[in-house]
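**Student:** Pasting a structure below so you can have a look.
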Amino acid sequence: MESLAATCKQTAIGGMERFLRTLSFVPEDKTTWSPAPTAKNALQIAAHTAVTAGFFAQLIRDGKFPSGDMQEMFGAMAAAEAAVTNRQAAIDLLKKNTDAIVAALDAATPELIGKMLPTPFGSEMPMAFFMNLPGVHAQVHGSQIDYLQTCWGDMDPHMG
């Protein structure tokens, strides 16, 4: 169980680092650029990644979803994302919330790690899945930033 928590910590930190490295190549004048009216820009993706990291930290720390109502949960997250209005705020929040994820994983007991969590989606899922999700989530959204970069002609890989 301890090795699972250690692996999840490494994945969360690695995902954050990859996301921030990719984000660092977004020119200031492209931070709020979007390829379509309905597509998120880099700042919105960064805000979402940072806020959701805080959600993951709370879920792992508390061993339950903060709300049983999906609309309420996503509404609160959307409001928190909208409050992130610049790149540095998103970076700071992602670092802070990743630290909180690491702390929650450090405190995870074998009972918590083995727990099945009822979800607002109407099913139960293993806590181990949610422990691994923060790093995967940050990696996936880093790929969205990679895509935006290709839209303005930046074809260089910024992963390493």
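**Student:** Scan around G114 for amide H atoms under 5 Å from its own, H built in the peptide plane at 1.01 Å from N, and keep only partners 5 or more places away or cross-chain.
**Tutor:** Here the answer is none, since no amide H 5 or more places off falls under 5 Å of that of G114.
**Student:** Here's a follow-up. With axes computed from alpha carbons, what is the tilt in degrees of helix 42-62 against the longest principal axis of the chain, rounded to the nearest 10 within 0 to 90?
**Tutor:** Around 10 degrees separate the two axes.
**Student:** Next question, about the same structure. Given H placed 1.01 Å from N in the peptide plane, which residues other than close sequence neighbours of W33 have an amide H under 5 Å from its amide H?
**Tutor:** A42
**Student:** If I fit a long axis through the Cα atoms of helix 70-82 and take the longest principal axis of the Cα atoms of the chain, what angle between them do I get, 0 to 90°, rounded to 10?
**Tutor:** Value to nearest ten degrees: 40.
**Student:** Mind checking which of P37, P66, P27 has the largest fluctuation in a GNM of the chain, springs on alpha carbons under 10 Å?
**Tutor:** P37
**Student:** Of A50, A80, A12, which is the most mobile in a GNM of the chain whose springs link Cα atoms less than 10 angstrom apart?
**Tutor:** Its mean-square fluctuation being the largest, the pick is A80.
**Student:** How big is the charge dipole of the stretch 2-151 about its Cα centre, in debye rounded to the nearest 20, if each Lys and Arg gets +1 on its Cβ and each Asp and Glu gets -1 on its Cβ?
**Tutor:** 240 debye
**Student:** Using the alpha-carbon centroid of each, what span in Å lies between the stretch 75-152 and the stretch 1-25?
**Tutor:** 11 Å
**Student:** Please compute the net charge surrounding P120, taking Lys and Arg as +1 and Asp and Glu as -1 over other residues with Cβ under 10 Å from its Cβ.
**Tutor:** With Lys, Arg at +1 and Asp, Glu at -1, the net is -2.
**Student:** Based on the mean of other Cβ atoms within 10 Å per residue, sort peptides 98-104, 72-78 so the most packed one is first.
**Tutor:** Per-residue mean Cβ counts within 10 Å order the peptides as 98-104, 72-78.
**Student:** Tell me which lysines have Cα within less than 30 Å of K30's Cα, excluding those fewer than 8 residues away on the same chain?
**Tutor:** K40, K95, K96
**Student:** What is the set of long-range amide H partners of M125 at a cut-off below 5 Å, with H atoms built 1.01 Å from backbone N?
**Tutor:** Correct list: L117, T119.
**Student:** By how many degrees, 0 to 90 and rounded to 10, does the Cα axis of helix 127-151 deviate from the longest principal axis of the chain?
**Tutor:** Around 10 degrees separate the two axes.
**Student:** What net charge do the residues around L20 carry, taking every other residue with its C-beta under 12 Å from that of L20, with Lys and Arg at +1 and Asp and Glu at -1?
**Tutor:** For residues surrounding L20, the net value is +2.
**Student:** For a quick check, take a GNM of the chain with Cα springs below 10 Å and name the residue from T11, T52, T150 with the largest mean-square fluctuation.
**Tutor:** T150
**Student:** Here's something else I'd like to know. What does the helix-only formula give at 222 nm for the chain: each DSSP H stretch with n ≥ 4 adding -39500 (n - 2.57), the total divided by the residues, and the result rounded to the nearest 500 deg cm²/dmol?
**Tutor:** Helix contribution divided over all residues of the chain: -22500 deg cm²/dmol.
Every read-out reported here was derived from the displayed coordinates using simple, explicitly stated rules and does not represent laboratory data. What you see is a predicted model; the values in this text were computed from it and never measured. As a convention, Cβ positions derive from the backbone with ideal geometry for all residues, glycine included, and neighbour counts pool all protein chains shown.
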